[in-house]
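Right, one structure below, let's go through it.
The values are calculated or read from the model by the stated rules, or taken from the named source; none is laboratory data. All values derive from a computational prediction rather than experimental measurement. Backbone-built Cβ (ideal geometry, glycine too); neighbour counts: all protein chains shown.
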Amino acid sequence: MNGTGTGTGTDSTTHPVIVVGSGPTGLLLAGDLAGAGVPVTLVEKRPHRISNLSRAFGVHARTLEQLDARGLADDLLATGDTITGLRLFRRLSLDLGTLESRFPFLLITPQYEVERLLERRAREAGVEFRYESEVVGLRQDDAGVDLDVRGPDGVTATLRADYVVGTDGHRSAVRQAIGVDFPGVAVIKSLFLADVRLAEKPEGVLTVNGADDAFAMIASFGDGWYRVMGWNRRHEVPDDAPLDLAEIKEVTRRALGTDHGMHDARWLSRFHSDERQAPRYRVGRVFLAGDAAHVHSPAGGQGMNTGLQDAANLGWKLAAAVQGRAPEGLLDTYEAERHPVGKAVLRSSGGLVRLARAQNPAVRLLRGLVSAFVNVARPVQRKALGQVSGIGYRYPAPRGAHRLTGTRVPDVALAGGRLYEALRGGRFVLITPKVTPEAYDDQGTRKDRLTVARWASDRRTTVLVRPDGYVAWAADAATPERIEAALTAHLGG
Ligand SMILES: Cc1cc2nc3c(=O)[nH]c(=O)nc-3n(C[C@H](O)[C@H](O)[C@H](O)COP(=O)(O)OP(=O)(O)OC[C@H]3O[C@@H](n4cnc5c(N)ncnc54)[C@H](O)[C@@H]3O)c2cc1C
């Protein structure tokens, strides 16, 4: 598509940032940018409607922490149920209750609830929404990006932007326009999904099991609707093959021993699951995030969660670039930090599916051993928990940096509050020892970008926390000169 757009009109303004696609990734990103004072236009090809035909239904701890840093976690928690035990297949279980997070669980709630909250926040922050507007072409030069957008009247107009972010899903037109491949394979050829009512309530919020050639999972949305997902090795068919409730009931009975009296499906569909990742998340002034950059199997419920983390990583960096205060190389750190995480998610979710679907007796034996090992070996269980929940990832640190640099900061207690409340301004947070003189709080011209806080404890380490909750810089016995140098390096003067 690069260079083939047929703009028949132009919009004379230059948009600082255009975000393409109003799924969860685009909504979080647009809200963050607008919250930081950057004018944002969000173009979406669909008409305005938040569908109740939800795909994702699991929100993990790290995503809840990010939502907490935006004042949204409590509202989202009210929409669903939580579970602390995650059984990935028959014998492998993860105890989310041991997570070192304010949210030691998985929240089961439909994706549309996440979108509803993020959309409300983006609107309140002033994002300009353009629905029924499809990106059909894109060209860029050193100074900006031209985006061809076909509007509701069928007319294509060219919008000029300083930066464009493609959050337009796995078939991303933006990704294709910048010539970035999407290599990978299909992991599950044929899955089914349905939202149903149940005559007999399952015991837990999430029920999951696989029996040889059938697999099924039932999750409660907490409002009387249940999500059923599964596959049937004896019947692998294209996505458009007919599907009825009888087939879903039969596979569920084979996998779970009962179909729980399933009835009244409000929605059913087949899909297949690919495992793909864009080799680059940035070309010039164009970025990719969410499903546009990576897709993986639904095992472990990582897709939406990973996209939201991409958005949280990119938003503050792009805002700094637009406002002319980004340190050299800051925008490059988006791909450097998020591509390895995407790759790790692909590896872990794909590995789970391969183990779960294994037919070969040797692999099935391995599955039993892996399950038993993960269940008993605490460091391995901890690593698996960190990956599934998203709290275990850290970003690369420069050589010689303090050991905390790049790590996620938990919701630590501060004098007069807690970190994730302090992050709600979208600013960096400098956490200093309790004894720091009050005069230090006056950061003059930096005050719109920095909150100064103190440890509630006697901790001596000074930590500069990025707006996305990772350590930018830390020092054990920092002098005022070293702190000043760190602030200048990360926030400017
Ligand atoms: C069955 C199933 C279960 C899942 N379960 C989970 C789970 O439990 N947890 C989890 O984290 N993830 C899960 N996922 C994955 C999750 O749904 C996706 O990762 C998530 O929706 C990606 O969000 P996104 O914003 O990146 O893209 P999308 O949600 O795909 O949004 C992209 C948007 O871009 C718009 N668009 C596309 N092209 C254009 C264009 N040319 N111009 C303008 N707009 C355009 C689209 O209309 C769409 O609104 C699941 C997926 C499936 C299929």
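Residue-by-condition table, conditions (1) touching a residue at least 60 places away in the same chain (Cβ under 8 Å); (2) within 28 Å of the chain's Cα centre (by Cα); (3) part of a strand (DSSP E or B):
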{"residue": "H402", "(1), (2), (3)": "yes, yes, no"}
{"residue": "T405", "(1), (2), (3)": "yes, yes, no"}
{"residue": "V429", "(1), (2), (3)": "no, yes, yes"}
{"residue": "R454", "(1), (2), (3)": "no, no, yes"}
{"residue": "S457", "(1), (2), (3)": "no, no, no"}
{"residue": "L464", "(1), (2), (3)": "no, yes, yes"}
{"residue": "E484", "(1), (2), (3)": "no, no, no"}
{"residue": "T488", "(1), (2), (3)": "no, no, no"}
Condition test on R254, is it of a type in the set (K, R) and assigned to a helix (DSSP H, G or I)? yes
Mind checking whether some residue in region 238-252 is of a type in the set (S, T, Y) and within 23 Å of Y112 (Cβ to Cβ)? no
Among the residues of region 267-281, which ones are surrounded by 14 or more Cβ atoms within 10 Å (Cβ to Cβ) and away from the ligand (no atom under 16 Å from the Cβ)? R280
Over region 1-25, the set of residues more than 9 Å from the ligand (Cβ to nearest atom), aliphatic (A, V, I, L, M) and either assigned by TED's automatic domain parsing to the domain that holds R285 or modelled with pLDDT of 85 or more (or both) is V17, I18, V19
Residues of region 149-168 being over 29 Å from the mean Cα position of the chain (by Cα) and outside any loop (DSSP other than H, G, I, E, B), which ones? T156, A157, T158
Residues located in region 282-292, provided they are within 8 Å of the ligand (Cβ to nearest atom) and either part of a loop (DSSP other than H, G, I, E, B) or free of Cβ contacts under 8 Å to residues at least 12 places away in the same chain (or both): A289
Can you run down the residue pairs with Cβ atoms below 6 Å, 6 or more apart or on separate chains, where the first is in region 147-171 and assigned by TED's automatic domain parsing to the domain that holds G324 and more than 13 Å from the ligand (Cβ to nearest atom) and the partner is outside any strand (DSSP E or B) and among the β-branched types (V, I, T)? V155/T8
Which residue is farthest from L191 (Cα to Cα), if the candidates are limited to region 241-266 and must be small (G, A, S) and surrounded by 14 or more Cβ atoms within 10 Å (Cβ to Cβ)? A265
From L42, L53, L28, grab the single residue that is within 11 Å of the ligand (Cβ to nearest atom), under 30 Å from D195 (Cα atoms), of a type in the set (A, V, I, L, M) and at pLDDT below 95. L53
Being surrounded by fewer than 18 Cβ atoms within 10 Å (Cβ to Cβ) and either farther than 30 Å from G85 by Cβ or touching a helix residue (DSSP H, G or I) at 6+ places or on another chain (Cβ under 9 Å) (or both) is true for just one of R466, R394, R460, R449. Which residue is that? R460
